[in-house]
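Each remark here refers to the structure printed beneath this line.
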Amino acid sequence: MAALSRLAGAMAHDYHALLSQILGSSEVAQQLLPLGHPASDCITRIQRAGSKAAALTARLLAFDPHHPCTGPQLEVDAHLRELHERWHRRWGDALPVTLTTVAETESLRSEATLFDCALTDLVQLAEEAPIAGTPTQVHTQGIGDHIVITITLPLRLAADTILEAVLSGLADSDSGRRGRALGLAAADHLIRRWCGTLELAHGADQRTTLTVRLPKHCGDTTVIQHLGTTTARRRAGTTILVAEDDPGVRSLIVSFLRLQGFTVLEAEDGEIALTVSAQHDYAIDVLLSDVVLPKRPGPVLADILRRKRPGLPVVLMSGFTDDASLISGLGSSGCEFLQKPFAPHVLVQTIERLLDLAPLQKT
């Protein structure tokens, strides 16, 4: 299993690089097209297909023990309300979901994409044999040191435990059931990696309740920062060094950031990145680097540049990493991690958030 996990992770890394180009290029093309252009619908379909492919790849990464499943602080209720809107747009009345959030401002450290995949896979179990017209109910609350998310499905799963549900689904001849079983297994695995538990119980009304218990820990009490406004003048005065060895991904990122008004420098490996930075007297405002970078890994590059310029905002990105020690410092102040593939607008939001916090780090 360990060998298969590493193989899946390596394949996912290359696949994420391709998806980054597909999703990023389609988003840029959509922005450049005039309103009502006939190619707009085709680009939208490309984006939808790419997003589905990214979600499938994320399931593979969920089983890799070296893949980071934690990230910045995630405010559970606020994030679930956004996810609930996406569920409604995706399924509509075909798979109705009601959401009740009473966990208030409770948060935990989680990689947002994997959190979304886990909760979506659990809710999607309602496709098995739902009671007509009855919605799936999702409820959150804070209990002691835990955040509890209960998902009440309008059906009775033909199993009494999570393991039984997974095994019976994987053995089924129906591809839909096998897919949902894989999703349930991935969700259970992620919840365990977040030091939580997933329990299954049946009610007298033929419904099934899945209870997710997640501890409010991860050793991080960082206050969630809200995105501030960024003027065109600040963008023009912001120099970003992009260190990425994949030429397609690098070209896309550089083009998009320049389109957004930033001043951008680029490098294909860690040594060239240091040379470029030195040529500009280390006047770099943001470092954007791949984690697994030739000659000098992204975290090492960030550490060297931060010695020259303390408090330098850093964004590290990767589709997969084989060495957990490489990302051990990602939770430090002024440093964020982006999981490939990501939408270009998410990258800009991350950069702007770090720029908003940069003055606080220098004091």
* Asked: Out of region 238-296, which residues are more than 18 Å from HIS345 (Cα to Cα) and aromatic (Phe, Trp, Tyr)?
  -> TYR282
* **Members of region 122-160 found to be crowded, with 18+ Cβ neighbours inside 10 Å and of a type in the set (Ser, Thr, Tyr), listed by number** => THR136, THR140, THR152
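Going by the structure shown, is ARG235 buried (at least 18 other Cβ atoms within 10 Å of the Cβ) and either of a type in the set (Gly, Ala, Ser) or in a helix (DSSP H, G or I) (or both)? If you could, list the steps in order and put the result at the bottom.
Details: buried (at least 18 other Cβ atoms within 10 Å of the Cβ): yes; either of a type in the set (Gly, Ala, Ser) or in a helix (DSSP H, G or I) (or both): yes.
Against the criterion (buried (at least 18 other Cβ atoms within 10 Å of the Cβ) and either of a type in the set (Gly, Ala, Ser) or in a helix (DSSP H, G or I) (or both)), ARG235 qualifies.
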* Asked: Which one of these does ASP77 not meet: (1) within 18 Å of the chain's Cα centre (by Cα); (2) at pLDDT 85 or above; (3) surrounded by fewer than 16 Cβ atoms within 10 Å (Cβ to Cβ)?
  -> (3)
* Only one of (1) surrounded by fewer than 19 Cβ atoms within 10 Å (Cβ to Cβ); (2) touching a residue at least 40 places away in the same chain (Cβ under 8 Å) is not met by ILE304, so which one is it? -> (2)
* Selection count, region 150-177, where residues are under 24 Å from the mean Cα position of the chain (by Cα) and without any contact (Cβ under 8 Å) to a residue 40 or more places away in the chain -> 0
* To do: Please state which of the following conditions THR98 fails to meet, knowing it meets all the rest: (1) modelled with pLDDT under 90; (2) over 16 Å from the mean Cα position of the chain (by Cα).
  => (1)
* Filtered residues of region 105-133 (kept if over 30 Å from LEU338 (Cβ atoms) and in contact (Cβ under 8 Å) with a residue 60 or more places away in the chain) -> ILE131
* In this structure, does LEU119 turn out to be buried (at least 18 other Cβ atoms within 10 Å of the Cβ), under 18 Å from ASP188 (Cα atoms) and in contact with a Ser or Thr (Cβ under 6 Å, 6 or more places away or on another chain)? -> no
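The values are calculated or read from the model by the stated rules, or taken from the named source; none is laboratory data. Computed from a prediction, not measured in an experiment: that's the story for all the values here. Glycine also receives a Cβ, built like all others from the backbone with ideal geometry; neighbour counts cover every protein chain displayed.
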